[in-house]
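Engineer: First the structure, then my questions, so here it is.
The values are calculated or read from the model by the stated rules, or taken from the named source; none is laboratory data. Small disclaimer: the values here were computed from a predicted structure and weren't measured. Here Cβ is always computed from backbone atoms with ideal geometry, including for glycine, and neighbour counts include all displayed protein chains.
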Amino acid sequence: MLFDTHVHLNSKMYRKDLGEVIERALVVGVTRMAVIGFDAPSNAHAIELAEKYEFIYAVVGIHPSDARSATENSWIVLREQLKHPKVVALGECGFDYYHDTSFNDIQRAVFKKQLEIAKELNLPIVVHMRDSIHDTYEMLREEGKGLSGVLHCYSGDVEMMHKFLDLGFYIGLDGPVTYKNARNVHEVAKAVPIDRLVIETDAPYLTPAPYRGKRNEPAYVSYVAEKIAELRGMAYEEVCRITTENALMLYKIN
């Protein structure tokens, strides 16, 4: 039993074979998936998939890379989308300094606004923090009091991990944990308390080692679980069970 807590089945990369992709996930035991949006159209698509499949949930928000497109109407639409019964969190939201740092102030305002909405609606958040770990921590420490959520694709060190755990967040690990030279991620995978860990694919991105360089898909979350089991000296089935239970807690799914 596996829960892919972060997948972009709403990506155009699955347009031709989405049914087959979902079937392959079910075959390897992926019993639940959270489809993550990043703007109004992808959010709407995530909700459509959640309505169609009982085992799919939606997470909707404004990605930091799309922060410049946010308008007053964006917030009206997002609030309505967040009220859908199959929407389990707000995200992905946060900071991304990798490609462009010219609009960091806009990213900050959009992230802060989403934290306010998450508090108002009592929703967990899915946090994106590429090349921005310290700013993300400070924002969550100052503006995210009372919120829960997950640090998606965590790439910081163990010391910072403990700071985020102290704020009440889960740690999300995905394909990079399977990479041979990802020592930092390996150390985190071994050190994170098992009851605060969730697994994800970020598919179609961050494909795990056996298929690295090809399109990722939710079935491959099994490779993430296998590697974590190996690093921690645990049974694969136990990692699957515990991380699924954690995901249900994270997303408040009964």
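Engineer: With the requirement that a residue be in contact (Cβ under 8 Å) with a residue 40 or more places away in the chain and on the phi < 0 side of the Ramachandran plot, what does the range 133-161 give you? Walk me through how you get there before you give the answer.
Structural biologist: Our first condition is that a residue be in contact (Cβ under 8 Å) with a residue 40 or more places away in the chain; within the range 133-161, this holds for 135-136, 139, 148-150, 152-153.
Matches in the range 133-161: D135, T136, M139, S148, V150, H152.
Engineer: Name the single residue, out of those in the range 241-254 being assigned to a helix (DSSP H, G or I) and not hydroxyl-bearing (S, T, Y), that is surrounded by the most Cβ atoms within 10 Å (Cβ to Cβ). Break it down stepwise before answering.
Structural biologist: Residues of the range 241-254 assigned to a helix (DSSP H, G or I): 241-250.
Cutting the leftovers down to not hydroxyl-bearing (S, T, Y) gives us 241-242, 245-250.
Details: R241: 14, I242: 16, E245: 14, N246: 22, A247: 27, L248: 16, M249: 15, L250: 24.
This residue is A247.
Engineer: Give me a count of the residues in the range 87-97 that are crowded, with 19+ Cβ neighbours inside 10 Å and either in a loop (DSSP other than H, G, I, E, B) or not aliphatic (A, V, I, L, M) (or both).
Structural biologist: Number satisfying all stated conditions: 6.
Engineer: So, one more: Return yes when R32 is in a strand (DSSP E or B) and surrounded by 14 or more Cβ atoms within 10 Å (Cβ to Cβ) and no when it is not.
Structural biologist: Working: in a strand (DSSP E or B): yes; surrounded by 14 or more Cβ atoms within 10 Å (Cβ to Cβ): yes.
Spelling it out, R32 is indeed in a strand (DSSP E or B) and surrounded by 14 or more Cβ atoms within 10 Å (Cβ to Cβ).
Engineer: Which of the residues that make up the range 48-74 are more than 26 Å from A219 (Cβ to Cβ) and either among the acidic types (D, E) or surrounded by 16 or more Cβ atoms within 10 Å (Cβ to Cβ) (or both)?
Structural biologist: Taking the range 48-74 as the starting set, the residues that turn out to be more than 26 Å from A219 (Cβ to Cβ) are 62, 64-74.
If the condition is that a residue be more than 26 Å from A219 (Cβ to Cβ) and either among the acidic types (D, E) or surrounded by 16 or more Cβ atoms within 10 Å (Cβ to Cβ) (or both), then I62, P64, S65, D66, A67, A70, E72, S74 are the ones that fit.
Engineer: To continue, here is another question. With respect to the numbered conditions (1) touching a residue at least 40 places away in the same chain (Cβ under 8 Å); (2) part of a helix (DSSP H, G or I); (3) under 22 Å from M160 (Cα atoms); (4) not hydroxyl-bearing (S, T, Y), which one is the sole condition not fulfilled by D202?
Structural biologist: Condition (2) is where D202 drops out.
Engineer: Please indicate, with yes or no, whether at least one residue in the range 38-47 is polar (S, T, N, Q) and buried (at least 24 other Cβ atoms within 10 Å of the Cβ).
Structural biologist: At the first step, the residues of the range 38-47 found to be polar (S, T, N, Q) are 42-43.
Adding the requirement that they be buried (at least 24 other Cβ atoms within 10 Å of the Cβ) leaves 43.
Yes, that holds for at least one residue.
Engineer: To continue, here is another question. Being of a type in the set (A, V, I, L, M, F, W, C) and part of a loop (DSSP other than H, G, I, E, B) is the filter here; which residues of the range 143-161 pass it? Give the steps one after another, and end with the answer.
Structural biologist: Here is the first cut: in the range 143-161, the residues of a type in the set (A, V, I, L, M, F, W, C) are 147, 150-151, 153, 158, 160-161.
Passing the criteria: L147, C153.
Engineer: Within the bounds of the range 175-196, is there any residue that is under 17 Å from A89 (Cβ atoms) and of a type outside the set (D, E, K, R)? Give the steps one after another, and end with the answer.
Structural biologist: Filtering the range 175-196 for residues under 17 Å from A89 (Cβ atoms) gives 196.
Then drop every residue that is not of a type outside the set (D, E, K, R), which leaves none.
The answer is no, given that none of the residues of the range 175-196 is under 17 Å from A89 (Cβ atoms) and of a type outside the set (D, E, K, R).
Engineer: Okay, next question. Restricting to the range 54-82, count the residues that are under 19 Å from the mean Cα position of the chain (by Cα) and either closer than 23 Å to E120 by Cα or outside any helix (DSSP H, G or I) (or both). So that I can check it myself, show each step before the final result.
Structural biologist: In the first step, residues of the range 54-82 are kept if they are under 19 Å from the mean Cα position of the chain (by Cα); the result is 55-67, 78, 81-82.
Now drop any that are not either closer than 23 Å to E120 by Cα or outside any helix (DSSP H, G or I) (or both), which leaves 55-64, 66-67, 78, 81-82.
Total satisfying the criteria: 15.
Engineer: Shifting gears a bit: Answer yes or no as to whether F164 is outside any strand (DSSP E or B), touching a residue at least 24 places away in the same chain (Cβ under 8 Å) and closer than 16 Å to P193 by Cα.
Structural biologist: Working: outside any strand (DSSP E or B): yes; touching a residue at least 24 places away in the same chain (Cβ under 8 Å): yes; closer than 16 Å to P193 by Cα: yes.
Yes, satisfied.
Engineer: Name every residue in the range 35-53 that is within 17 Å of the chain's Cα centre (by Cα) and in a loop (DSSP other than H, G, I, E, B), in order of residue number.
Structural biologist: Result: G37, F38, D39.
Engineer: When only residues in the range 213-240 that are in a loop (DSSP other than H, G, I, E, B) and surrounded by fewer than 22 Cβ atoms within 10 Å (Cβ to Cβ) count, which is modelled with the lowest pLDDT? Can you show your working first?
Structural biologist: At the first step, the residues of the range 213-240 found to be in a loop (DSSP other than H, G, I, E, B) are 213-217, 233-235.
Add one more test, that the residue is surrounded by fewer than 22 Cβ atoms within 10 Å (Cβ to Cβ), and what stays is 213-215, 233-235.
Details: G213: 94, K214: 97, R215: 98, G233: 98, M234: 98, A235: 98.
Taking the candidates together, the pick is G213.
Engineer: Kindly indicate the residue of the range 98-138 that is surrounded by fewer than 16 Cβ atoms within 10 Å (Cβ to Cβ) and part of a loop (DSSP other than H, G, I, E, B) and also modelled with the highest pLDDT among those meeting that condition.
Structural biologist: Out of the qualifying residues, it is N122.
Engineer: Could you tell me which of the residues L140, L165 is over 21 Å from H186 (Cβ atoms), out of contact with any His (no Cβ under 6 Å at 6 or more places or on another chain) and not acidic (D, E)? Can you show your working first?
Structural biologist: Values: L165 fails: over 21 Å from H186 (Cβ atoms).
L140 is the lone residue from the list that is over 21 Å from H186 (Cβ atoms), out of contact with any His (no Cβ under 6 Å at 6 or more places or on another chain) and not acidic (D, E).
Engineer: Moving on. Taking the range 1-19 as the search range and keeping residues that are in contact with a helix residue (DSSP H, G or I) (Cβ under 9 Å, 6 or more places away or on another chain) and part of a helix (DSSP H, G or I), which one is surrounded by the most Cβ atoms within 10 Å (Cβ to Cβ)?
Structural biologist: Kept after step one, since they are in contact with a helix residue (DSSP H, G or I) (Cβ under 9 Å, 6 or more places away or on another chain), are these residues of the range 1-19: 1-5, 7-11, 14, 18.
Cutting the leftovers down to part of a helix (DSSP H, G or I) gives us 14, 18.
Numbers: Y14: 21, L18: 15.
Only one residue fits best here, namely Y14.
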